[in-house]
1. Using just the helices of the chain, give the 222 nm mean residue ellipticity in deg cm²/dmol: DSSP H runs with n ≥ 4 each add -39,500 (n - 2.57), and the total is spread over all residues, rounded to 500.
2. Is there a quick way to get the dipole size of region 110-247? I mean about its Cα centre, with the Cβ of Lys and Arg at +1 and of Asp and Glu at -1; what is the value in debye to the nearest 20?
3. In whole percent, what relative contact order does the chain give with Cα contacts below 8 Å and a gap of six or more residues?
4. Per residue, how large is the accessible surface of region 1-62? Use a 1.4 angstrom probe and give square angstrom.
5. Test of understanding: what is the full-extension gain from Leu46 to Leu265, defined as 0.36 nm times their sequence separation minus their Cα-Cα distance?
6. At a 1.4 Å probe radius, carbon and sulfur cover how many percent of the accessible area of region 1-80?
7. Quick one: if you take sqrt(5λ) for each eigenvalue of the C-alpha gyration tensor of region 72-149, what semi-axes come out, biggest first, whole angstrom?
8. Scanning the chain for helices, which whole DSSP H stretches are 20 Å or more long along the axis (Cα) and average -0.5 or more by Kyte-Doolittle?
Amino acid sequence: MSALVRRRRLAAAAATWRAFAAHRAGLAGLALLGAIAALALLAPLLTDAGGLDVTKATGAPYQPPSAEHWLGTDNSGRSVLLLTWWGTRVSLVVGLAAAVLSVLIGTVVGVTAAHFRRTEGLLMGATDFFLALPSLVLAIALSTVLPRGLATIVLAIGVTSWPSTARVVRAQTLAVEARPFVERARALGGGHAHVVGRHVLPAVLPLVLVNTTLAVAGAIISESTLSFLGLGDPTRVSWGSMLHAASSYGAVSQRAWWFILPPGLGVVAVVLAFTLCGRAMESVLIPRLGGHR
């Protein structure tokens with residue numbers, strides 16, 4: 001039986017990949033995301049992190065691109081290429097962690113509200129309250145009150161951007177629990193854990209996966225915004241902190257376009273990659289939600 005289940009799962013995974021591969025935009029996003037992730041992972045192996053220290057800067061402030069510094073230098077004489085490269089790591093880690101936290105909270109709230117109907121009023125009321133408030137303003141408030149650091153940024157983004165996921169998951173959970181096979185499971189004595197674990201979550205997980213992929217793009221933008229406002233981790237280099245430094249130390253007045261464009265293009269590239277992948281996954285996985293048995 002286990003061998004049969006394994007073959008069925010492999011066949012389903014192969015079919016999903018073939019459907020995903022049919023989307024050229026999704027493949028392009030996946031290739032771009034893979035290249036960015038590879039650069040982030042290889043940064044400690046191919047570069048020297050000591051170059052991020054302002055006391056070890058080797059160039060002149062705002063030196064234009066040259067053979068020595070391919071993307072020029074920042075206001076402290078550090079290589080913009082090195083800063084952008086290492087900023088990839090922080091932006092990806094914060095974006096992924098915040099998106100996972102946000103989707104996890106939204107999934108728990110949505111499933112709980114739909115399955116345990118006594119809690120629906122309270123949980124959906126809290127969801128509507130958070131939806132009515134600007135998530136970025138709440139994130140700024142949390143980042144200001146809590147100690148500055150990557151964990152604070154992840155927490156601030158995660159606990160303020162879950163309501164949309166909660167509403168979508170709740171709607172899907174209600175649709176799944178209205179189907180005959182769930183009623184049969186309950187009639188046969190299936191408890192809450194059985195119904196949620198064996199029927200609800202398998203049907204909701206594709207939707208959660210798509211939401212996570214799309215949420216990463218928003219989380220990276222939020223992290224860049226908070227860092228640009230000076231609320232990021234002062235000990236870490238991220239694309240948002242680079243834009244903050246460029247704005248604070250006169251990169252525009254110095255016409256140091258090489259200090260502004262790389263981190264901005266990095267944000268655009270990562271957000272575009274996750275969005276393309278998420279849209280392709282949405283078209284592949286969402287139609288299958290109705291086929292769960």
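1. -23500 deg cm²/dmol
2. Rounded to the nearest 20 debye, it is 400 debye.
3. Over the chain, the number comes to 26 percent.
4. 70
5. Stretched out fully, the Leu46 to Leu265 stretch lengthens by 76.7 nm.
6. Working: 3430 of 5160 Å².
Within region 1-80, the accessible surface is 66 percent carbon and sulfur.
7. Details: eigenvalues 296, 46, 15 Å².
Values for region 72-149, descending: 38, 15, 9 Å.
8. Helices meeting the span and hydropathy rule in the chain are 2-21, 24-46, 80-115, 163-177, 201-228, 257-285.
The values are calculated or read from the model by the stated rules, or taken from the named source; none is laboratory data. For clarity, every value in this text was computed on a predicted model and none was experimentally measured. For neighbour counting, all protein chains shown are included, and Cβ atoms are generated from backbone atoms with ideal geometry for every residue, glycine included. Heavy atoms of the whole protein, side chains included, go into the accessibility calculation; ligands, DNA and RNA do not. Shrake-Rupley method; radii C 1.70, N 1.55, O 1.52, S 1.80 Å.
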